[in-house]
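Every read-out reported here was derived from the displayed coordinates using simple, explicitly stated rules and does not represent laboratory data. Quantities reported herein were computed from a predicted structural model and do not represent experimental measurements. Here Cβ is always computed from backbone atoms with ideal geometry, including for glycine, and neighbour counts include all displayed protein chains.
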Amino acid sequence: MRYVPAEQLKPGMVLGQGLHDASGRMLLGKNTRLTAENIKYIIFLGTGGVYVDDEISKDIELYDVVKPEVKNEAVWLIQNVFDRTSEQDNLHPEESLIRLVVENVVNDVLSNEEVMYNMVDIKTYNDYTYFHSMNVGVLAGILGAKMELQEDELEDLVTAAFLHDIGKVFILPQLVNTQRRLTPAEQEEMKNHAWAGYEYLRKEFSFGENVNQTVYQHHEWYNGQGYPNHLKGRQLCRNARILKAADVYDEMTSKRPYREAYQPAEVMEYIMARMGMEFDPDVVETMAARLCIYPLGSEVVLSDGRHAIVVENHPGFIQRPTVRIMDSGEELNLRSDRSAYNITIVQLLM
Ligand SMILES: [Fe+2]
């Protein structure tokens, strides 16, 4: 299986993974042979790309840390909570459901601890907030597990991640899933969402202060220059420091209607450059070791102009995976092959 950006899909390609919307509705099933119409639809949804099965990638097996069905369930649940919150519905049944889905995510994370975060997250900008919240939950969970958080603390972290932006429903509800960039005034007003989310969780749920505070603090900076309370360093709860980094990473690597996605390698550089300033150094260190900036099965452009597919990542050497050249099928281990020492990856196609 390999990842193909939406713009590069061709009729006849076969889907390696089903495509779902936030409600869990199957849009296109696994093994669908794509038609020109399907491809137009995928582009219309704002989906960055999809996984396909083909000759050059048939032996590449992808291990998702969290099972696709658990992710779909989480997106559906998050959408449900957002919808019902904005309708001011009685939320009590959701609390036990949230706990259940969070447990499933944490179980998957803990049973796959050696697997790196290796997939390109499929997200559409139509339901951006829900997919984003799910992705942040999974990423934060993986980082937290690597930082040796206890199981109950991991559950708190994933719960907070799923609900971190719920306060937006109370501030500017019509802008929660907007496809345009917020104006400076709206951005300023939206800053109240951290507090609003905290108040809402505190009053309506019983997840506890660790979850509520994490939501409250998810826009604070490590050096105290964030908002709303300018907390810094260890004044911030650990889960908030992890959530902050996961939130920024997923947001910047997402394609938005008003800008292209940044490359994971660029975002990692941005986050590393701001370590100790915006981000907790311990979290950044874990991120740099565990996140694949060139996910398995993705297509990259090498500095000699050739295109290749990533077939293996080497923990600790995330810039230098083993790749398979598209035209020849030849494999290059960018970490250990002498002939490849002067070859770098210049672009990830996404
Ligand atoms: Fe936020």
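Once the Cβ-Cβ distance of K40 and R181 is raised to the sixth power relative to R0 = 35 Å, the FRET efficiency obtained is 0.85. The charge dipole of the stretch 185-320, taken about the Cα centre with unit charges on the Cβ atoms of Lys, Arg (+1) and Asp, Glu (-1), comes to about 240 debye, rounded to the nearest 20.
Remind me, relative contact order of the chain in percent, using alpha carbon pairs under 8 angstrom and six or more residues apart? Working shown, then result.
Working: 635 pairs, mean separation 50.8, N = 350.
Dividing the mean separation by the residue count of the chain yields 15 percent.
In the stretch 126-176, a dipole from Cβ-located charges (positive for Lys and Arg, negative for Asp and Glu) runs towards its positive end, and of I142, T129, H164 it is T129 whose Cα lies farthest in that direction.
The amide H of V65, built 1.01 Å from its N in the peptide plane, has N118 as neighbours under 5 Å, considering only residues 5 or more places off or on other chains.
Treating the beta-carbon of each Lys and Arg as +1 and of each Asp and Glu as -1, no other charges, what is the dipole magnitude of the chain about its Cα centre, to the nearest 20 debye?
Values: 34 positive and 53 negative charges, 161 e Å.
Dipole magnitude for the chain comes out near 780 debye.
For K10 and K203, what does the FRET efficiency come to when R0 = 45 Å and r is the distance between their Cβ atoms, rounded to the nearest 0.05?
Working: r = 52 Å, r/R0 = 1.16.
Result of the calculation: an efficiency of 0.30.
Convex hull volume of the C-alpha atoms in the chain, normalised per residue: 133 Å³.
From least to most packed, judged by other beta carbons within 10 angstrom and beginning with the fewest, D83, D280, D59 follow the order D59, D83, D280.
Kindly put H230, H218 in sequence by how many other C-beta atoms sit within 10 Å of each C-beta, fewest to most. Don't skip to the end; give the middle numbers.
Values: H230 12, H218 28.
Sorted ascending by nearby Cβ count, the order is H230, H218.
Given axes a ≥ b ≥ c from the Cα gyration tensor, I'd like to know whether the stretch 166-298 is rounded (a/c under 1.5), prolate (a/b larger than b/c) or oblate.
Values: a/c = 1.77, a/b = 1.21, b/c = 1.47.
Oblate, since a/c reaches 1.5 and b/c is not below a/b.
Cross-link reach is defined here as a Cα-Cα straight distance under 20 Å, omitting same-chain residues fewer than 8 places apart; for K203 the aspartates and glutamates meeting it are D83, E87, D89, E94, E95, E155, D156, D165.
Taking a straight Cα-Cα cut-off under 16 Å and skipping sequence neighbours fewer than 8 places away in the same chain, the lysines within cross-link reach of K67 are K30, K123. Residue-wise HN-Hα couplings along the stretch 54-65, as the Karplus relation 6.51 cos²θ - 1.76 cosθ + 1.60 with θ = phi - 60° gives them from phi, are 8, 4, 5, 10, 5, 8, 8, 9, 9, 10, 7, 4 Hz; Gly and Pro carry x.
Computed log10 I(q)/I(0) for the stretch 299-348 at 0.16, 0.28 Å⁻¹: -0.35, -1.16, from the Debye equation with unit scatterers placed on every C-alpha and solvent omitted. For K146, the aspartates and glutamates whose Cα falls under 12 Å of its own Cα, not counting residues fewer than eight places away in the same chain, are E113, E114, D282, E285. Return the single residue from S133, S339, S86 with maximal mean-square fluctuation; model: Gaussian network over the chain, springs between Cα atoms under 10 Å. Top of the fluctuation ranking is S339. By how many nm would the segment from E87 to R335 lengthen if fully extended, with 0.36 nm per residue of separation less the alpha-carbon distance? Gain on extension, E87 to R335, equals 83.9 nm.
Taking a Cβ cut-off of under 13 Å around E220, the surrounding Lys, Arg, Asp and Glu residues balance to a net charge of +3, with basic ones at +1 and acidic ones at -1.
With each run of n ≥ 4 DSSP H residues scored as -39500 (n - 2.57), what mean residue ellipticity at 222 nm is computed for the chain after dividing by its residue count and rounding to the nearest 500 deg cm²/dmol?
Numbers: 12 runs with 146 residues, N = 350.
Calculated at 222 nm, the ellipticity per residue is -13000 deg cm²/dmol.
Legend: ranking of residues E188, E266, E55 from fewest to most surrounding C-beta atoms inside 10 Å; resulting order E55, E188, E266.
Extending 7 Å from Cα along the Cβ direction at N126 and again at R256 yields two label points whose distance is 2.1 nm. The label point for R99 and the one for V301, both projected 7 Å from the Cα toward the Cβ, are 5.1 nm apart.
Taking 7 Å steps out from each Cα toward its Cβ at E61 and H230 produces label points 5.5 nm apart. For the residues R33, R338, R25, a GNM of the chain with alpha-carbon springs under 10 Å puts the largest fluctuation on R338. Structure remark: mean-square fluctuation, Gaussian network model of the chain, C-alpha springs under 10 Å; the largest value among R234, R256, R335 belongs to R234.
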